[in-house]
Amino acid sequence: MKQEIICEKCNGKNIKKDGVRETKNRGKVQRYKCLSCSHRFSIDDGFWKMKNHEDKITSCMNMYYAGMSLRKIQEHLQMFAPKNSHYSTLYRWIVKYANMISTLTNNLQVQSGQELMSDEMEYHRLGEQNWFVDVMDTETRFMVASDYMKSRTIENLTRVLKKSKFATGEQIKVITTDGLQGYPRVLRKAFGVNNKFKINPKVQHNIVIASERGFNHKIERLHNSIRDRTKIMRGFHGSLESAKAIMKGYEIYYNFVRKHQGIDNKTPQEEAIPELILSTNKWLSLIKLAKL
Ligand SMILES: [Zn+2]
């Protein structure tokens, strides 16, 4: 992932560094000059025109996904940052940056094991029942796909499973789901699974009915901890789009930021995409990579 700087005016590639610009809220920003057309510019590193420092914004994201309420985060930040940011602003940052990072993370491919397991959790938004569906690689614990949806239609579930197929390629041999009726069709569409006619015997559908769940304790525990950790965000009040972004942010936190005791205190990403190197502030690293 090498950064190539291109002139925003003439698309020229012959660019040199041209000093730094002091900004009011974000410190120094690198400036560039195009040697073809002499245009001078700086690059949007993800925080262009933001009135707050990237450290404040990324620590807000981290506190939120670690389980703090928006009002508590506002109180906390007020103590250490000069400018008071209202919790509704904090919410907008989280939505904005979760969407930004997802343009990177939705397109990554992983080194997975051979089994995927899907799970559905019930959430509420404006008094209505919604669902969060995730598909996890049982070996690396990487969440290869997820989506927040109004209802578990064939189309919605197929979109999530197709995404998990994209992320894992030909590595999967077994897909474990609950007994929800739509799954055989969904897996046929996304993975070509057809156990009845053995059209694609390379991938098997393993159905586990609800009362027998808990057979894969490690993954079951993970799903329980997702339930616990997202409790604070389980009652959504805004649009479907912002609820989707908030849960996308949780997927990012889960895969790239949070360390798992179950896998040697590593993040699932360190297991599933070891070639991706992130700095200590993983949120900041991901935002900058997404903007390359
Ligand atoms: Zn130029």
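The values are calculated or read from the model by the stated rules, or taken from the named source; none is laboratory data. Note that the structure is a prediction, hence the values are computed from the model and not measured. A quick note on method: Cβ atoms are made from the backbone with ideal geometry, for glycine too, and the neighbour counts reach across all protein chains shown.
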message: I'm trying to understand the selection: among the residues of the stretch 151-175, which are in contact (Cβ under 8 Å) with a residue 60 or more places away in the chain and at negative phi?
response: Q171, I172, V174, I175
Identity of the residue in the stretch 111-129, part of a strand (DSSP E or B) and at pLDDT 95 or above, that ends up surrounded by the fewest Cβ atoms within 10 Å (Cβ to Cβ): E115
message: Looking at the stretch 274-292, I want the residues that are more than 13 Å from V257 (Cβ to Cβ) and outside the structural domain of V257 (by TED's automatic domain parsing) and have a partner that is loosely packed, with under 13 Cβ neighbours inside 10 Å and hydroxyl-bearing (S, T, Y) with Cβ atoms under 7 Å, at least 6 apart or on another chain. Which pairs are those?
response: A290/T103
message: Pull out all pairs, ordered by first then second residue, where Cβ-Cβ is under 8 Å, the residues are six or more apart or on different chains, the first lies in the stretch 74-99 and is more than 19 Å from K24 (Cα to Cα), and the second is of a type in the set (D, E, K, R) and surrounded by 15 or more Cβ atoms within 10 Å (Cβ to Cβ).
response: A98/K248; N99/K248
- prompt: Could you list, in sequence order, the residues of the stretch 141-156 that are of a type outside the set (G, A, S), assigned to a loop (DSSP other than H, G, I, E, B) and in contact with a strand residue (DSSP E or B) (Cβ under 9 Å, 6 or more places away or on another chain)?
  reply: R141, F142, K150, R152
